[in-house]
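Since the structure comes first, as structure tokens, the remarks are kept for the end.
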There are 4 protein chains.
Amino acid sequence: MNTFGRNLRLTTFGESHGKAMGGILEGMPGGVKIDMDVILRETARRRPGQSHLVTARNEKDMPEILSGLTDDMVTLGTPIGFIVRNTDQRSDDYGEMAELYRPNHADFTYDMRYGLHEVRGGGRASARETLNWVIGGAFARQLPCMKDVAIHARIVSIGGVEGSDEALHAIVEEAMKRGDSVGGVVECTIEGVPAGIGNPVFGKLHARLAQAMMGINAAKGFEYGDGFAAASMYGTEQADIFTSKEGHIITKTNHSGGIQGGISNGMPIVFRVAFKPTPTLLRDIETVDKKGNHRILKGKGRHDPCVALRAVPVVEAMAALVIADEILRHNA
Amino acid sequence: MNTFGRNLRLTTFGESHGKAMGGILEGMPGGVKIDMDVILRETARRRPGQSHLVTARNEKDMPEILSGLTDDMVTLGTPIGFIVRNTDQRSDDYGEMAELYRPNHADFTYDMRYGLHEVRGGGRASARETLNWVIGGAFARQLPCMKDVAIHARIVSIGGVEGSDEALHAIVEEAMKRGDSVGGVVECTIEGVPAGIGNPVFGKLHARLAQAMMGINAAKGFEYGDGFAAASMYGTEQADIFTSKEGHIITKTNHSGGIQGGISNGMPIVFRVAFKPTPTLLRDIETVDKKGNHRILKGKGRHDPCVALRAVPVVEAMAALVIADEILRHNA
Amino acid sequence: MNTFGRNLRLTTFGESHGKAMGGILEGMPGGVKIDMDVILRETARRRPGQSHLVTARNEKDMPEILSGLTDDMVTLGTPIGFIVRNTDQRSDDYGEMAELYRPNHADFTYDMRYGLHEVRGGGRASARETLNWVIGGAFARQLPCMKDVAIHARIVSIGGVEGSDEALHAIVEEAMKRGDSVGGVVECTIEGVPAGIGNPVFGKLHARLAQAMMGINAAKGFEYGDGFAAASMYGTEQADIFTSKEGHIITKTNHSGGIQGGISNGMPIVFRVAFKPTPTLLRDIETVDKKGNHRILKGKGRHDPCVALRAVPVVEAMAALVIADEILRHNA
Amino acid sequence: MNTFGRNLRLTTFGESHGKAMGGILEGMPGGVKIDMDVILRETARRRPGQSHLVTARNEKDMPEILSGLTDDMVTLGTPIGFIVRNTDQRSDDYGEMAELYRPNHADFTYDMRYGLHEVRGGGRASARETLNWVIGGAFARQLPCMKDVAIHARIVSIGGVEGSDEALHAIVEEAMKRGDSVGGVVECTIEGVPAGIGNPVFGKLHARLAQAMMGINAAKGFEYGDGFAAASMYGTEQADIFTSKEGHIITKTNHSGGIQGGISNGMPIVFRVAFKPTPTLLRDIETVDKKGNHRILKGKGRHDPCVALRAVPVVEAMAALVIADEILRHNA
């Protein structure tokens, strides 16, 4: 449950209010030179308060690598243990707040799963967990077998609007001013994956990507290639006709999103992930307490009005973990 | 790769042109009375040539249960081995056809994965594999812990059109007449799942459902609750306000689709799966052969113009396997 | 629990009094020509009533291969499903016998695990399950990567006596006449395993062999190389001095039994497995019934006086599954 | 490969010359009060230079718990991340030494597995890894379900001699003086395990214990109950006759070592592990270098003349991990 992957396996730990986040990455072959700047760049991209318009500061969320690397930052082929200290460890205000179920948060469901009035497991719901994933993904990207693979995610719409970065940013700012939040769609393109990566039956490449992406906080939907639009089309509109180009077989179009029968066909892999608006609002909102009494939850505290923005590097990291895992299997 | 699930584990085998399909279902507790009619009903629903408008004939695809049951059809708690003979074992016409890559089929990608000019693995791409899944799901539905769980999938749109069964059927028939095929969306509702089912981090309930559904042949997208529409909404439009009803905490709305933070909240679980049009067309279509030469693929043979129709019982079966797996874990 | 192996995975089912035993073998690469005679020879070797002195009859326990092979018996790279019908399906005499706990059998412990007065799980304790293992092993031996690997197990002592086949057989016959049974030690030598096979930490090659062998019915001990004798030795007596021979590094002695640090060193792998005497005796024996009342269990029925004899092909089969699994991983 | 267990899962990392050892323990239920003194006591027991005759100093090898516990040392039900800094990080003398293969060490086999002239993986062969296991075991012992389980391991023979602690110590000291090392046997008794713990088929309780124990550095053999002696016995000598005592069914003798058919019968579980002499000797010894040239390896450095002594707490820790894992499964 805390492990992702098969050949490249990431096992994680950490509560946002505990001492540290961290993980163990198994399956990295030996002899790979690791660039810590890549790891710092990726962790900086996902930091709260950042957006793609703001220069990342990288003095925080500094991962410490505890094993698996030589002093020269070359992998040994042994598991890579890493930790990131939580600098902001003050406990949540467990007064009134702790008694109320925040709408669309996991408070209620965690109570149902782990037992009422206990904090069991709850700490793993925090989006801070995705820091571990981003670190794992930053290692995965540096594998030699990933050298020709380019993974790029970007926001394609916010609040249903497609447009320039500036237009989208204006929507977010306007929502923030109203104490509201807004959803968005992230599209990810993976170029350079050779044909033949993936599996039949239960391990289809797009099924693994779907599971990985739907695990990201606030994800509500996944589609690849034509996705939901394909369900509105006729077969004749959707056929990716094969042709030859410089001795390679390619398709003229890419309705398939680079995957056919669960296996990559060499075309760019394209998928989209829908993220709901952040459930935390800076407004008073109706709810119930743990006994079912109606109460008002005050809007206060920090506020991240569009999680889709912060999800971009997490989508890339999970994509990197899936693709690297499958390429390692394929090369084996 | 041929195993699905953790506490309730289905491992399958079988090529459509081999002797038999089959599987091993582990994790069924002992003492459960199994109704073979449920299994026969479900396998009949997914048979080729059937639709929801046509009375199912159940004289074919008869599973034989080889272990795990007493003569009185009571589970022993041991693995349930089952097989279904393939009656139609004639090999594909491996003449010209075998040299051509059918667009949007797995021919090309399997060649890339398993090696050119070999048949390795190819046989597992057949939709006949889902027969094993339907049998597994039909057992899962009969678990005592699934007694109050009602799983119901249905077509909600075909070719982008929502409407009555008759209207949708007309679209399919019209496509079939033209030798074309058409996509569709299946919606599945699961009622009666108690709150607290699922996991944080990598094992979120909706992530497992996504993986399961995206493994079904021709699936292109998955969403739950408001799904992709949530990405176009503001947080204030999307909050599921908690309230009390007869001593239970419920939500007034169900934007969340019954799952919050990866764990069920007791409301109906609702998700949708997008299926692309069948890639097989009864028309001549451009393609290449294995050497990359341009060729014409003749449209011929049997033709299933809308796989979404046949996917309905498969969606239900996979949902049953996921939910039963998680409820078994929860009860443990 | 019903799956063994990682790269080469065998999942099994079957109760001795059910319709069939069977399994699914995953991980066999495509293109391997399978010789059914090897499979029949191995299943014949483990049949009840056989011994190494008796010519095997191969008209029974005929496995049927249901998938994963072409008509020409070439592997497809897909899972191999197989079954063996149980011809002798009459139920045990569930009269008085069913109420008594047989000493050293699993009757009592299964009741404790699966619940009193139920038959849950009990059917999986039968040594007939090893038929599935022998079939799996017979496939594993035919892998191309196993071509140079020779696995040979033999009885080295019975009742504490080492000697010729005839001498050992005499001990068994004498025990049988008295209605008694007798233990034995099986030694297995695996030649041709290249250096470098195995893993550090939890997956050491000898640890995997130990688990595999201790899973065989009636196994009580496992040792490799000098084994328990090493615990009585000084370091100077036990050092395997390296030397060169024809460009290869070998050791002058083989105290290590071919494995150092959990990884093969290219020398023959040698291990021994201790088997206790069959618990079934043809004598009256004290016991209790399920309520704890003292009773006499009558000695009757068929009787296999030395399970170590029948374990020989099972030891080889499990060794083949472990070694093939590890070589497949290594080659990958 | 770096993960042990199913319901209680320990995943570890760390090279002895890296920054830290560490691990992630998953499956600890929430609400368990942890006593750090138990953890410190166990890590002190396994420290180099300690023996059972010497008072343990506990100022070193101090584990830091990074997640999974409240400030009051109560488990949250989330994964427990822990690390132990390596204070002695100076690299081995990689001069002449690095070119020579030490007899009975893993130098040669690791080179064969991970590639000549590289250090890949080698760091995981160190016995320091067992520090992670001891920490995991110290948590496992504190589970509520382990309250009545008493695990006690002790040396039963050294150099083939059984005797008092003093007599055994004298053998070790005498070997040390000669620059030699000596083997030993550890016996472990586990009392308080209820009947019904374990599994049939591939997950037999003694098979899991065997795998766990054979993973400990220098282990050469495993036996339970009568073990290898059972192979020299007749069935009539070995029958554990059932009787009733205070309403419980017990056996008059314990030839079975507390396990029948892979499942505990409520009697004490008894097993023994044979450890070879430490391969490091304080004597000059013949060997070859990586090119196969004959060379002399000088005896020097620290020297642990009897690893069996240090293995005692490791045997207990691995036993605790196996038993806790199986009891957790059983209670579920």
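The values are calculated or read from the model by the stated rules, or taken from the named source; none is laboratory data. The model shown is predicted, which means the values in this text are computed figures rather than measured ones. So basically every Cβ, Gly included, is an ideal-geometry build from the backbone, and we count neighbours across all protein chains shown. When the accessible area is computed, the model is the full protein with side chains, heavy atoms only, and any ligands, DNA or RNA have been set aside. Shrake-Rupley method; radii C 1.70, N 1.55, O 1.52, S 1.80 Å.
Structural remarks
So that you can scan it fast, the table gives a plain yes or no per residue for (1) free of Cβ contacts under 8 Å to residues at least 12 places away in the same chain; (2) under 22 Å from the mean Cα position of the chain (by Cα):
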| site | (1), (2) |
| --- | --- |
| C:166 | yes, no |
| C:179 | no, no |
| C:192 | no, yes |
| C:198 | no, yes |
| C:209 | no, yes |
| C:227 | no, yes |
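- Cβ-Cβ under 8 Å pairs, at least 6 apart or on other chains, region C:240-255 side within 11 Å of residue D:294 (Cα to Cα), far side of a type in the set (Phe, Trp, Tyr) and at pLDDT below 95: C:242/D:101; C:242/D:108; C:249/C:242; C:249/D:101; C:249/D:108
- Scanning region B:207-229 for residues that are more than 23 Å from residue A:232 (Cα to Cα) and outside any strand (DSSP E or B) turns up at least one hit.
- Of the set (1) part of a loop (DSSP other than H, G, I, E, B); (2) surrounded by fewer than 20 Cβ atoms within 10 Å (Cβ to Cβ); (3) more than 7 Å from chain B (Cβ to nearest Cβ), all apply to residue A:280 but (2).
- Selection of region D:230-277 for residues being surrounded by 23 or more Cβ atoms within 10 Å (Cβ to Cβ), in a helix (DSSP H, G or I) and in contact with a strand residue (DSSP E or B) (Cβ under 8 Å, 6 or more places away or on another chain) yields D:230, D:231, D:235.
- Scanning region C:225-270 for residues being of a type in the set (Phe, Trp, Tyr) and under 29 Å from residue D:173 (Cβ atoms) gives a total of 2.
- Among the residues of region B:218-242, just one is under 13 Å from residue A:210 (Cα atoms) and more than 7 Å from chain A (Cβ to nearest Cβ), namely B:219.
- Complete set of residues in region B:169-193 that are buried (at least 16 other Cβ atoms within 10 Å of the Cβ) and either acidic (Asp, Glu) or more than 28 Å from residue B:298 (Cα to Cα) (or both): B:180, B:185, B:186, B:187, B:188, B:189, B:190, B:193
- Leading residue by the ranking (nearest to the other protein chains (Cβ to nearest Cβ)) among those in region C:283-332 that are under 30 Å from residue C:39 (Cα atoms) and of a type in the set (D, E, K, R): C:329
- Here is the figure for region D:292-303: residues that are in contact (Cβ under 8 Å) with a residue 40 or more places away in the chain and either open to solvent by 40 Å² or more (accessible area, probe 1.4 Å) or more than 24 Å from residue D:162 (Cα to Cα) (or both) total 4.
- Restricting A:18, A:23, A:30 to those that are modelled with pLDDT of 85 or more, buried (at least 19 other Cβ atoms within 10 Å of the Cβ) and more than 14 Å from chain B (Cβ to nearest Cβ) reduces the list to A:18.
- Residues of region C:72-126 that are farther than 30 Å from residue C:34 by Cβ, modelled with pLDDT of 85 or more and either in a strand (DSSP E or B) or away from chain D (no Cβ under 14 Å) (or both): C:100 alone.
- Scan of region D:145-164 for residues that are touching a residue at least 60 places away in the same chain (Cβ under 8 Å) and touching a Ser or Thr at 6+ places or on another chain (Cβ under 7 Å), ordered by number: D:152
- Residue A:193 being more than 8 Å from chain B (Cβ to nearest Cβ) and at pLDDT 95 or above: yes
- Any hit, region D:129-144, residues being closer than 30 Å to residue D:325 by Cβ, touching a residue at least 60 places away in the same chain (Cβ under 8 Å), within 13 Å of chain C (Cβ to nearest Cβ) and surrounded by fewer than 21 Cβ atoms within 10 Å (Cβ to Cβ): no
- Of the set (1) under 15 Å from the mean Cα position of the chain (by Cα); (2) closer than 30 Å to residue D:286 by Cβ; (3) open to solvent by 30 Å² or more (accessible area, probe 1.4 Å), all apply to residue C:217 but (2).
- Check on residue C:165, acidic (Asp, Glu), open to solvent by 20 Å² or more (accessible area, probe 1.4 Å) and either at the interface with chain D (Cβ under 9 Å from one of its Cβ atoms) or touching a Leu at 6+ places or on another chain (Cβ under 8 Å) (or both): yes
- Condition met for residue C:212 (more than 7 Å from chain D (Cβ to nearest Cβ), closer than 30 Å to residue D:309 by Cβ and open to solvent by less than 30 Å² (accessible area, probe 1.4 Å)): yes
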